[in-house]
Each structure stands twice: as structure tokens, then as C-alpha cells.
Amino acid sequence: MPRSVYLILIAASAAAMFGVAALLMNIRERKEEAQFTYLPLAHITEDTVDPAEWGKTFPREYDGYKRTVDTARTKHGGSEAFQKLDTDPKLRRIFAGYAFALDYREERGHAYSLADQDITERTKKKVQPGSCLHCHASVLPAYRAQGGGDIMKGFDAVNAMTFADARKLVTHPISCLDCHDPKTMALRVTRPGFLNGIKAFKKSQGVENYDPNAMATRQEMRSFVCGQCHVEYYFAGAGKTVTYPWAKGLKVEEIEAYYDEVKFSDWKHAETGAPVLKAQHPEFELWSQGVHARAGVACADCHMPYKREGAMKISDHHIRSPMLNIDKACLVCHPFAAEEMKARVETIQDRNERLLARAETALLELYDEVAAAKSRGADDAQLAAAHKLQRQAQFRADFVAAENSMGFHAPQEAARILGEAIDYARQGQVAASKVKR
């Protein structure tokens, strides 16, 4: 065999051995990389509200967080700040006399949570309390400073301020600090409203002194950190304390019963004079009644699904609608084509939207009937039955409208709620029609 052939064989063998060695080294490095999930490169403390500082140690997660500035519209929501008062003009009458009749935009992503609060007409034209910062800002250092190191005392102090004064205490929107322990990176609940609310709810279930940070499983925490803010709440008392109305349970009628017991109303309806309620964004409450919750599926499983970058498995911090990420958010569990999954979700949402439209139409016709009764000389005492039915109908319709899944988090529960809304509104219409006849 010619000498040149031997040389070629030797060179090829050496190259192959080098390639195999490089591959083995790469595999070893990737395995080691997967083990080192937390390599501190920046000093992070309880005062580190800037996500960019956390990003020095957690660049992959920070890259996802930065993408929450994206705006994208889905069929029934998304993160584009469209004006709901224009897409659904009935809302102007439904919220007559309340700040939401001035401005009711679709929420944008987490990176905009504070900026959106700054620009809404609800804070520019109405005096709002510092309570709003509870879920719109990385507010823990402000609570600690205002409470002399005691977060609960600081929580009370900031709640009692005007929004304009409290706004001076914060610099960043919802951030890493709000969900993660800066020492261990473990998930945690930081919001006093949730800590008090879940404690009251668990007590109603027979569990005393419940503390999610000590007693919840990690999978439960992957919903609780979202449930800190994606909930129904109200501002209680003169101090405007952010309060989650869960002492009787999480269902709409249980929350309503709590409000009735404490005699709370958000405002008196400008057209009818009825003392009514405004639902906020009860995602946690509706999700808790759905099949995903019963199956142990957490909020993060769908809105922050796991993904791989190199050898690293991380939770996607580009928090968004699963409809914008169907492959990873849905198809991991559901073995169907993405187009079919999208169609299934939108079919559920379309049906709930049609029920919601009927509920809103019924409410407007109830208002008209109350106006007619007033024109006949009816007073509030004579309209008490119609007012109560309006309160019940309006809260149920708004419970689904304000919740950001258009009923998908618990389809049958949402349909039940909207069916009751329609029924109560029509009962109220009949009750008003009989007054002063």
C-alpha cells in the first residue's frame, strides 16, 4: 500500500479520535452546565428590584422577562392595550359612575405593569389609593421602609397613601424579587393580600394558620405566585387595605356572600342607584374551579412552560397567553395538532362570549326598566329587589368579563355563572316593571 495512503489513514484516524474526544468533552460540559443552575454573578438582596441585576446571574430567564414588553392580540385578549370600552360599548353603561367607564384597556405584559397604571385615566382623573401598588410594582422594599422593617405595617402605610404619593416610593414594575427568594431563588409568596386571603380561605376549609411559604408544595407555589395578583380583591376600610374576599370560599357566590356580610359595594350605579360590585381579574378563583386545577396543572405549566436552552431546562419567563405558544403550552399534554387545540380553546371562549353578550344585554334592559320605574315615581326602597338582582347579575357577568381567559380556565363554571347572570338580570327587569304599576 502506498505510503501516502497510510498517512491519510493515520490523519483520518487522528481526526476521528479528536472529534470523539471533543464530543465527549462537550457532553461532559453540558452535563455539568445542567447541574449548575445557580451560579451567582451579581449580589442580589431583598432590595434588588431591578430585573437587570438578576439577569446577570440568570440571563436566560431575564431574556424571557424582557420579552413581556411584546404586544400581541389573541381572539379574546392578549397583551395589546386595546380599549375595551370601544370594543364593547355596553361597558360604558355597565360601569356608569365608576372609574372603569373612563378607561378600561386590556392589560399589557408584566414589564408594563407599573407604566400602565401611570397612564390609565382611572388614576389620572380619579384619586386612587396607594393600594394599587400591591400588584403593579416591585413594592417590597417600599413596604419594608415605610414599616420600619415590618412589611405588614408598611403594607398598611402605603395602602393609606394616595397613589400619587405612594408612586414616588417605587421604581420598577413586577420583578424577580416578587416571586423568588434572593438567597435561594425558591418560589415564594410576598404579597400581604394573598397571605391574608389564603389563610382565611384555608381556615374556611378547616386548616388553621396556613402559611403557603411553609406549607405549600412546589407545584402549588407555581400557581400561588401568580395568584398573588391575578385575583379578585377590594380595598377595605378607611385605610384602603388590599383584601382578598376568600373567607367563605373562592366561588363567585361565596365571594358575593362575603361582600354582603361586610356590606361592601364598589359604587352606586349612576343610572339605577343600585349598590354594585366591580370584579377585578379573578383568574385564580376561576382556575381553581376548573379541570386543570383539579388535575394538578399549575398556572406556570401553561403560561411559563418549561423549555430547553442548551443543556438547561428552564421555565419560560416570557409570560403570555398559551395561545401564542401552543406547542409548548398545550401539546406537551394534549397529543393533537396545534390548529385543533387552538380551535378547541376558541370554541369554548366563543360560547362564553356569546353568553356574556346576552348577560350584558339583559343588564342594559334591566337599567331601562329601572329608569322607567323611576319615571313613574319609584324610589330606592321600592326598587330594592331590582337593585339586589342587578348587584347579583352584574357581579357575575363582570366576574367572567374581567377574568382574562374568557371562561377557559373553568368552562362549565363560567357558563354556570353567566347563566345565573342572565337569570338574575331578567328577574330584576321583571321586578322593576312591577313597581308603581
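The values are calculated or read from the model by the stated rules, or taken from the named source; none is laboratory data. Remember, predicted model here, so these are calculated numbers, not experimental data. Virtual Cβ from ideal backbone geometry, glycine too; neighbours counted across all protein chains shown.
So that you can scan it fast, the table gives a plain yes or no per residue for (1) closer than 15 Å to K75 by Cα; (2) surrounded by fewer than 22 Cβ atoms within 10 Å (Cβ to Cβ); (3) not assigned by TED's automatic domain parsing to the domain that holds F100:
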residue: A343; (1), (2), (3): yes, yes, yes
residue: E353; (1), (2), (3): yes, yes, yes
residue: L363; (1), (2), (3): no, no, yes
residue: K374; (1), (2), (3): no, yes, yes
residue: A385; (1), (2), (3): no, yes, yes
residue: A393; (1), (2), (3): no, no, yes
residue: H409; (1), (2), (3): no, no, yes
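State all residues of the stretch 128-165 that are farther than 17 Å from D47 by Cβ and either assigned to a loop (DSSP other than H, G, I, E, B) or within 22 Å of the chain's Cα centre (by Cα) (or both); if no residue qualifies, say none. Before the answer, list the steps.
Keep residues of the stretch 128-165 that are farther than 17 Å from D47 by Cβ, which gives 128-132, 134-136, 152-153, 156-157, 159-165.
Across the stretch 128-165, the qualifying residues are Q128, P129, G130, S131, C132, H134, C135, H136, N159, A160, M161, F163.
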Which listed residue is among the aromatic types (F, W, Y) and surrounded by fewer than 17 Cβ atoms within 10 Å (Cβ to Cβ), from F264, F284: F264
Of these, K90, K125, K84, which one is free of Cβ contacts under 8 Å to residues at least 24 places away in the same chain and either within 15 Å of the chain's Cα centre (by Cα) or closer than 30 Å to A274 by Cβ (or both)? K84
Taking into account only those residues within the stretch 50-62 that are part of a helix (DSSP H, G or I) and loosely packed, with under 15 Cβ neighbours inside 10 Å, which is nearest to the chain's Cα centre (by Cα)? A52
Would the stretch 360-371 turn up any residue that is more than 29 Å from A329 (Cβ to Cβ), touching a residue at least 12 places away in the same chain (Cβ under 8 Å) and of a type in the set (V, I, T)? yes
Hey, any hits in the stretch 402-423 for a residue that's under 22 Å from A96 (Cα atoms), assigned to a helix (DSSP H, G or I) and in contact with an Asp or Glu (Cβ under 7 Å, 6 or more places away or on another chain)? no
Subset of the stretch 413-437 that is touching a residue at least 60 places away in the same chain (Cβ under 8 Å) and among the polar types (S, T, N, Q) - its residue that is surrounded by the most Cβ atoms within 10 Å (Cβ to Cβ): Q429
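Does the stretch 79-127 hold any residues that are aromatic (F, W, Y), crowded, with 19+ Cβ neighbours inside 10 Å and assigned to a loop (DSSP other than H, G, I, E, B), and which are they? Working first, answer last.
Going through the stretch 79-127, the residues aromatic (F, W, Y) turn out to be 82, 95, 98, 100, 104, 112.
Filter again for crowded, with 19+ Cβ neighbours inside 10 Å, leaving 95, 100, 104, 112.
Hits for the stretch 79-127 are F95, Y104.
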If I filter the stretch 158-166 for residues that are assigned by TED's automatic domain parsing to the domain that holds K126, in contact with a Gly (Cβ under 7 Å, 6 or more places away or on another chain) and either β-branched (V, I, T) or free of Cβ contacts under 8 Å to residues at least 12 places away in the same chain (or both), do I get at least one hit? yes
Flagged in the stretch 166-198 as farther than 23 Å from F235 by Cα and not in a loop (DSSP other than H, G, I, E, B), in numbering order, are C176, L177, H180, L187
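Listed here are the residues, each with its yes/no results for (1) touching a residue at least 24 places away in the same chain (Cβ under 8 Å); (2) more than 18 Å from the chain's Cα centre (by Cα).
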position: F201; (1), (2): yes, yes
position: G206; (1), (2): no, yes
position: A214; (1), (2): no, yes
position: E220; (1), (2): yes, no
position: V225; (1), (2): yes, no
position: Y244; (1), (2): yes, no
position: A247; (1), (2): yes, yes
position: E256; (1), (2): yes, yes
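For the stretch 414-437, state whether one or more residues are in contact with a strand residue (DSSP E or B) (Cβ under 7 Å, 6 or more places away or on another chain) and either modelled with pLDDT under 95 or polar (S, T, N, Q) (or both). Before the answer, list the steps.
Let us first name the residues in the stretch 414-437 that are in contact with a strand residue (DSSP E or B) (Cβ under 7 Å, 6 or more places away or on another chain), namely none.
The answer is no, given that none of the residues of the stretch 414-437 is in contact with a strand residue (DSSP E or B) (Cβ under 7 Å, 6 or more places away or on another chain) and either modelled with pLDDT under 95 or polar (S, T, N, Q) (or both).
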Do any helices (runs of 4 or more DSSP H) lying entirely in the stretch 239-319 carry at least 2 residues that are of a type in the set (V, I, T) and in the same structural domain as G197 (by TED's automatic domain parsing), and which ones are they? 252-262
